[in-house]
Amino acid sequence: MNDSERLVIAGFGGQGVMLMGQILAQAATNENLETVWIPSYGPESRGGTANCFVTISKTEINAPVVTQSDTLIAMNQPSLEKFESKVKTGGRVLVNASLVKDHTFREDIEVFNIPVNDIALELGNLKVANMIMLGAYIGASKVFKPEALETVFKQKFTGNKAKLLDLNKQALLRGMKEVS
């Protein structure tokens, strides 16, 4: 990571977009970095695109709203279409290739097509598609080491959710493997 990373995470409601943002923000806090997580709720959560903005920085964050991102994580076609133009030149786009089939990408960005839904089904649970994508993001960006996210997993997946810890770790590592 340079001095900061500005990220847009977008998808359909229910794809775990907000959780991905929360995990990254918590990992940043745990690593003593500055961070802002801004969720976007409202009519978009009813079947349209849901999204959040995450800024991770080594210095104080003066402008929390992400107008131009370093990275876009697009979990579906509408999200890609809505936010691709806001990725800066030289930025990266991680796309759920299970749901985005035919798209002509800009020439000035790095694109990672990861079939996260297909991989999640291979792992036996479609709900870990977001953790596969999160792993791909960590692998592509190197913003955090996997251990930083595993620490957050232990904080998040407690009680009844503790049984999901191993599956989510497996999904994270699988996603990292997809971009290496």
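Here are the numbers for the structure shown:
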| quantity | calculated |
| --- | --- |
| Net length gained if the chain between GLN155 and GLN68 were fully extended (0.36 nm per residue, minus Cα distance) | 28.3 nm |
| Footprinting exposure proxy for GLU178, GLU150 (fewest neighbouring C-beta atoms within 10 Å first) | GLU150, GLU178 |
| Taking THR104, THR35, THR158 and counting other C-beta atoms within 10 Å, the order from fewest to most | THR104, THR158, THR35 |
| Computed [θ] at 222 nm, deg cm²/dmol, the chain (DSSP H ≥ 4; -39,500 (n - 2.57); rounded to nearest 500) | -11500 deg cm²/dmol |
| Full-stretch length increase - LYS88, ASP102 - with 0.36 nm per residue and alpha-carbon distance subtracted | 2.9 nm |
| Chain lengthening between LEU19 and ASP118 when straightened (0.36 nm per residue, less Cα-Cα) | 33.6 nm |
| Filter on LYS154/LYS177; LYS101/LYS177; LYS58/LYS145; LYS58/LYS161; LYS101/LYS145; LYS88/LYS169 - keep pairs with C-alpha separation over 23 Å | LYS58/LYS161; LYS101/LYS145; LYS88/LYS169 |
| Rounded to the nearest 20 debye, dipole of the chain from Cβ charges on Lys, Arg, Asp, Glu | 480 |
| Whole-angstrom Cα spans of region 20-172 along principal axes, big to small | 42, 40, 32 |
| Percent of beta bridges antiparallel (DSSP, region 4-179, rounded to nearest 5) | 55 |
| For ARG174, net neighbour charge (Lys/Arg +1, Asp/Glu -1) across residues whose Cβ lies under 13 Å away | -2 |
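Values in this text are rule-based calculations from the coordinates and carry no lab data. Remember, predicted model here, so these are calculated numbers, not experimental data. Cβ coordinates were reconstructed from backbone atoms using ideal geometry, including for glycine residues, and neighbour counts include every protein chain displayed.
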